[in-house]
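Accompanying notes for the structure given below.
The values are calculated or read from the model by the stated rules, or taken from the named source; none is laboratory data. Please read these numbers as outputs of a predicted model, since none were measured by experiment. Because the Cβ atoms are built from the backbone with ideal geometry, glycine has one as well, and the counts that use them run over all protein chains shown. Heads up: the accessible areas ignore ligands, DNA and RNA and are worked out on the full protein's heavy atoms, side chains in. Shrake-Rupley method; radii C 1.70, N 1.55, O 1.52, S 1.80 Å.
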Amino acid sequence: MLAFALKRLGLTLLVLVSVSIITFSLVRLAGDPAIALAGPEATSEEVEAVRAAYGFDRPLPAQYATWLGDVLKGDLGFSNILQRPVLEVVMERLPVTAKLAGLSVLFALIVAIPLGVVAAAKRNTIVDRLALSIAVVGQALPNFFFALVLILVLGVGLRWLPISGDKTFLHYIMPAIALGYFATPAIMRLTRAGMIEVLDSDYIRTARAMGLPRSRVVMKHALRNALIPVVSLTAVQLGFMLSGSIIVESVFSMNGIGRLGWQSIQRTDLEVMQALVLIISVIYLALNYMADLLNGLLDPRLRVQ
Amino acid sequence: MTATDISPQAAPAIEAAPRPASDIWRRGRRHTGLLIGGGLVLMIVLIALLAPVLAPHDPYLQDLNNRLVSPIWGEGGSWTHPLGTDALGRDYLSRLLYGARISLLIGFGATVIAGVIGTTMGVLAGYFGGRIDFIVSFIVNVRLALPAMLVALVVVALVGGSLNVVIWTLGFLVWDRFAVVMRAATQQIRSLDYLSAARAAGASVGRILLTEVMPNVLGALIVVATLEIAQAILFEAALSFLGLGVQPPTPSWGLMISEGKSHMFFRPWVIALPGAALFILVLAINLLGDGIRDVTAPEGRT
């Protein structure tokens, strides 16, 4: 298990290094950062001054090395637009997004797992078809449009929930639904497929033959094994939600890192943009790594590969 | 890291020998989802092609005296503007019809680019295995670790939003599923007899890949490509909604929802109409893709 864990860790770190190179070049190569920073009215001397002050005149690998060194020391740079250290700005916003993503995953699991189990237990009946139809419809609904519909119906029409901000728990309900429903079809399909596979296996047949009631076999013996792949899918989906939070947080005016990303892009805050891409990747990779380890613990066959 | 990292729904089950054409045809005619999806897609493609003929007005023509006119069923609606007008007095029906062109163009364009990148990587990884497989899996993992939406927004913001920029940006971001599925599909046929026969007959690697491998993974490719068009369309709509995709005054459905947002409280139809158009198109493409998978897979749906 230790060898497995170390090998995965090595690979994750390699991916991380590649991601950091891409993040760094993305901001550097997509345009001249000195011109962007100096602003539209700057003279060419001012642009040169900015270039020298930020070290943009040095070779790219040297710039990358300095940047990476700073990042490893926990210094993500300084936002000139906000006049504050980037790390401070991000850390201030991260709890909102973490809470939103957590609630979204919770919503997705609460809807998707029961649907998947029922669909598998009543395979090829009207119930199964209905569950699959819900998944197909869910996958076709754009989340920004769904978010606006929620605002119109639950917020403005029925006046049940606040439509913008992040002050109370109530503020999180609509955004969590808008962000979470998009993950439900994938989790539901996987739960269903896993359940079908497990329900057809020998040990379930044995349990049934021994006279255990069907509901108990389904809930206790089958579900536990069927959910193993769902664990890693959920981790992946949680990572995607950080990316999806850009839209949902913008629609609901929540001050998380998603909206921060959108605002930074609007005001060409390169340092924050770059830091956010990196941080979201790191969180995604960390979640993935933990899911890998968990899977390795639960299923020893995965360790030898 | 293996393919298990990637959402399992990504890999449709393509196994054993492909079905004979007559069999596919027989199944296809009885598959409701496929027929509905295919019919709707065909209709929307026709609408997009015939937009200049069908549209009652110029989609760019502003008429500030007739702003936010209600659709025909609303108060003050008339047949002059069957679906009303937007905040600049442009005919909403005409903009919706032209919007189909934008969605289909971007969905199709981005998918072609993504398909070429992903299929090349996936087929090479699946056929050669070993080190090449490792490198391809690694690149896929790097791509998945990058937050696609944020990267796309950054690129469009720095390079500038135009139809071409959006198509190329999306194309370079959504190839991962092609790579994963093509790799799995190629692995399954790699050691089959007819490939050994081609090798024994002295065919070059390029020839084997093009004439023996490609035709046999084509089914899987069509399924992924169809589903990816839907994903790319949703992606473009989201970018345009955030103001960093297709730029005004182009009639993109995502942009129309964004422009209508501030009027939605009193005139919900300004977001409902483009939203419904987007939903129907994506649903139709997904039904079509799922349908093709069902009728071409050996055992159908499991």
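Which residue fluctuates most in the GNM of chain B (Cα springs below 10 Å): B:Ala232, B:Ala21, B:Ala100?
Of B:Ala232, B:Ala21, B:Ala100, the Gaussian network model singles out B:Ala21 as fluctuating most.
What does the charge dipole of chain A about its Cα centre add up to, to the nearest 20 debye, if the Cβ of each Lys and Arg holds +1 and the Cβ of each Asp and Glu holds -1?
The dipole magnitude comes to about 1920 debye.
Any idea of the total accessible area buried by the A-B contact, 1.4 Å probe, rounded to 100 Å²?
About 4600 Å² of accessible surface is lost on pairing.
Using modelled backbone amide H atoms (1.01 Å from N, in-plane), which distant-in-sequence or interchain residues come within less than 5 Å of A:Ser79's amide H?
A:Arg84, A:Val86
Hey, in the GNM for chain B with a 10 angstrom Cα cutoff, which one of B:Phe235, B:Phe265, B:Phe172 fluctuates hardest?
The residue that fluctuates most here is B:Phe265.
Return one number: the angle in degrees, 0 to 90 and rounded to the nearest 10, between the long axis of the Cα atoms of helix B:32-49 and the longest principal axis of the Cα atoms of chain B.
60
May I ask you to work out the translational diffusion coefficient for chain A at 20 °C, viscosity 1.002 mPa s, via Stokes-Einstein with Rh from the Kirkwood sum over Cα pairs, reported in whole µm²/s?
In µm²/s, the coefficient rounds to 96.
Name the residue, out of A:Asn255, A:Asn80, A:Asn143, whose mean-square fluctuation peaks in a Gaussian network model built on chain A with Cα pairs under 10 Å.
A:Asn80
Could you give the accessible area per residue of the protein assembly as shown, probe 1.4 Å, as a whole number in Å²?
Normalised by residue count, the accessible surface of the protein assembly as shown is 45 Å².
Students often check this: by mean Cβ neighbours within 10 Å, which of B:136-149, A:153-166 ranks highest, and how do the rest follow?
B:136-149, A:153-166
Among the complete DSSP H segments of chain A, which ones combine at least 30 Å of alpha-carbon extent along their axis with a mean Kyte-Doolittle hydropathy of 0.0 or more?
Long hydrophobic helices here: A:2-29, A:86-121, A:228-251, A:270-298.
Would you be so kind as to list the residues of the range A:264-301 that have their accessible area lowered by at least 50 Å² in the full protein complex compared with their chain by itself (1.4 Å probe)?
Buried on complex formation: A:Ile265, A:Val277, A:Tyr284.
Please check the range B:147-184 for residues whose accessible area, probe 1.4 Å, is lower by 50 Å² or more when all protein chains are in place than in their chain alone.
B:Pro147, B:Leu150, B:Val154, B:Leu158
Grab the DSSP H runs of chain B that are 4 residues or longer, score each as -39,500 (n - 2.57), total them, divide by all residues and round the 222 nm result to the nearest 500 deg cm²/dmol.
-21500 deg cm²/dmol
Could you work out what % of the accessible surface of the range A:89-303 is carbon and sulfur, using a 1.4 angstrom probe and leaving DNA, RNA and ligands out of the count?
Answer for the range A:89-303 is 67 percent, counting heavy atoms of protein chains only.
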